[in-house]
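A short worksheet on the structure shown next.
The values are calculated or read from the model by the stated rules, or taken from the named source; none is laboratory data. Quantities reported herein were computed from a predicted structural model and do not represent experimental measurements. Don't worry about glycine lacking a Cβ; one is built from the backbone with ideal geometry, like all the others, and counts go over all protein chains shown. All accessible areas refer to the heavy atoms of the entire protein, side chains included, with ligands and DNA or RNA removed. Shrake-Rupley method; radii C 1.70, N 1.55, O 1.52, S 1.80 Å.
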Amino acid sequence: MRITGGVLGGRKVNVPKGTEEIRPSMDRMRESVFASLGEIASLSFLDIFSGSGIIALEAASRGASIVEAVEQDRQKSKVLLENVSMSPVRINCRFLPAELYVKRAKSPFDIIFLDPPFPYQFKWELTENISMSNLVKNGTRILIHRPRPEFLKTDIANLERTDSREYGRSVVDFFLFFK
């Protein structure tokens, strides 16, 4: 798996071994998502359900100034830490459940990317909790990667869906926070 753009474009990223639920985000999807975000230099970026850290690395590679990766599975920590060590900016890694991270959050981000395992059944509850947390401010963009056949919830407090893009069997939904 390779980083698709920015100063780290083309660099290889390792995937934790023995973890079947890891679903490294497809190159085409990552490239398209970051192209749709436009210029992200000097923006803050949060990658929840980080896995290998590829999304956080894509953001850092493209100039995000503050990048944080959240991953619950400690078995992925070694590979995640090795991968983010190549970043041109520090990527803060937090190893705790996404729900707990959201509850404890103190600072907002410009962009939040959620890439939960496809069997994870609480993405809409988590998204709603994010929309009512300290992680958001006016203009925060929240992106959710989900399986295409899954139900899409659009009536989430303080969020407006602005786009939805299909990539094979998956979809990335784009939401904008407003209050």
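Coordinate range of the alpha-carbon atoms in region 99-159 per principal axis, descending: 33, 22, 17 Å. Given in Å, the Rg to one decimal and the Dmax to the nearest whole number for the Cα atoms of region 133-178 are 11.1, 33. Using only Cα coordinates, the Kirkwood hydrodynamic radius of the chain works out to 16.1 Å.
The local environment of residue 93, defined by Cβ-Cβ distances under 9 Å, has a net charge of -1 under the rule Lys, Arg +1 and Asp, Glu -1. The long axis of helix 27-37 is offset from the longest Cα principal axis of the chain by roughly 50 degrees. Loop-located GluC sites (Glu not before Pro) across region 1-98 with a Cβ neighbour count of 10 or fewer within 10 Å are 20, 39, with loop assigned by DSSP. Surface analysis of region 38-179 yields an accessible area of 46 Å² per residue, using protein heavy atoms and a 1.4 Å probe. Other residues within the sphere of radius under 11 Å centred on the Cβ of residue 135, judged by their own Cβ, net out at +2 (K and R +1, D and E -1). Leaving out ligands, DNA and RNA, what percent of the accessible area of the chain is carbon and sulfur, probe 1.4 Å? Here it works out to 50 percent.
Once backbone amide H atoms are built at 1.01 Å from N, residue 93 has 69 as its partners under 5 Å, excluding neighbours fewer than 5 places away on the same chain. Based on Cα contacts under 8 Å between residues 6+ apart, the chain shows a relative contact order of 17 percent. Across the protein chains, with a 1.4 Å probe defining accessible surface, the residues 33, 15 rank 15, 33 from largest area downward.
Net charge dipole, the chain: roughly 360 debye, given to the nearest 20, about the Cα centre with Cβ charges of +1 for Lys and Arg and -1 for Asp and Glu. In region 46-138, Rg over Rh equals 0.94, where Rg is the alpha-carbon radius of gyration and Rh the Kirkwood radius from pairwise Cα distances. Straight-line reach from residue 153: taking Cα to Cα under 29 Å and skipping same-chain neighbours fewer than 8 places apart, the lysines in range are 103, 106, 123, 137, 179. Secondary-structure-derived ellipticity at 222 nm for the chain, considering helices only, amounts to -6500 deg cm²/dmol, per-run term -39500 (n - 2.57) for DSSP H runs with n ≥ 4.
Between 70, 156, 127, the Cα set farthest toward the positive side of the dipole of the chain (charges on each charged residue's Cβ, about the Cα centre) is that of 70.
Put the Cα centre of region 60-76 next to the Cα centre of region 101-162 and the gap is 16 Å.
Phi-derived couplings, Karplus 6.51 cos²θ - 1.76 cosθ + 1.60 at θ = phi - 60°, listed residue by residue for region 171-179: 9, 10, 9, 10, 10, 10, 8, 9, 9 Hz, with x used for Gly and Pro.
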